[in-house]
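Here the structure comes first, spelled out in structure tokens, and everything after it is commentary.
Nothing in this text is a laboratory measurement; each read-out follows from the coordinates by a stated rule. If you're wondering where the values come from, they're calculated on a predicted model, not measured in any experiment. With ideal geometry, Cβ positions are generated from the backbone for all residues, glycine too; neighbour counts draw on all protein chains shown.
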Amino acid sequence: MFLGSAQEECALGVGGMDDETIAEVFQLNEEQKESLKNWSAELKIRNEILRNRAEFLLKQHEESPPEVLMTVSREYKTIMDSMKLNIRMMDKRLLSIFNPKQYGFYVKLCDQLTLRPIHVNKSVDEK
């Protein structure tokens, strides 16, 4: 039996409160900053739609019996997982336009934090 914990992924947090910090730390050029800004806005829209779905789901089932709430909890978890995937997708987009020096610095920071870097190809598959 293998015992051990999976290393947590090293997220940039595109679309969060730290976009300016990301731009500064990784010394993004103007084109990269514009992409970061656009992807952050896209993420906010995508996740706001999901957040609204989650809130509606909860309100719709406030008085539901426990067996229904179990189903609702699985639906809610699916929505939350979709939000996390959106965040990861935006991080991958940004990482895919990093130059080798920026990406190397990202990997080095992740290693120092004992986090698993997100590996990207230059063509990001968003399926």
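Here are a few things to note about the model shown:
- Spatially close lysines, pair count over region 1-102: Cα under 25 Å, gap of eight or more or interchain: 16
- Annotation for region 1-110: GluC sites (Glu not before Pro) lying in DSSP loop with at most 11 further Cβ atoms inside 10 Å of their Cβ are 8, 62, 63.
- Rg [Å, one decimal], Dmax [Å, integer] - the chain, C-alpha atoms: 17.8, 55
- Farthest toward the positive end of the dipole of the chain, out of 70, 80, 100, is the Cα of 100, where the dipole comes from beta carbon charges about the Cα centre.
- Estimated [θ] at 222 nm from DSSP helical runs (n ≥ 4, -39500 (n - 2.57)) normalised by residues in the chain, nearest 500: -22500 deg cm²/dmol
- Dipole magnitude for region 19-112: computed about the Cα centre from +1 point charges on Lys and Arg Cβ and -1 point charges on Asp and Glu Cβ, it is near 260 debye.
- Qualifying chymotrypsin sites (Phe, Trp or Tyr not before Pro) for region 1-68 [loop in DSSP, other Cβ within 10 Å: at most 10]: 2
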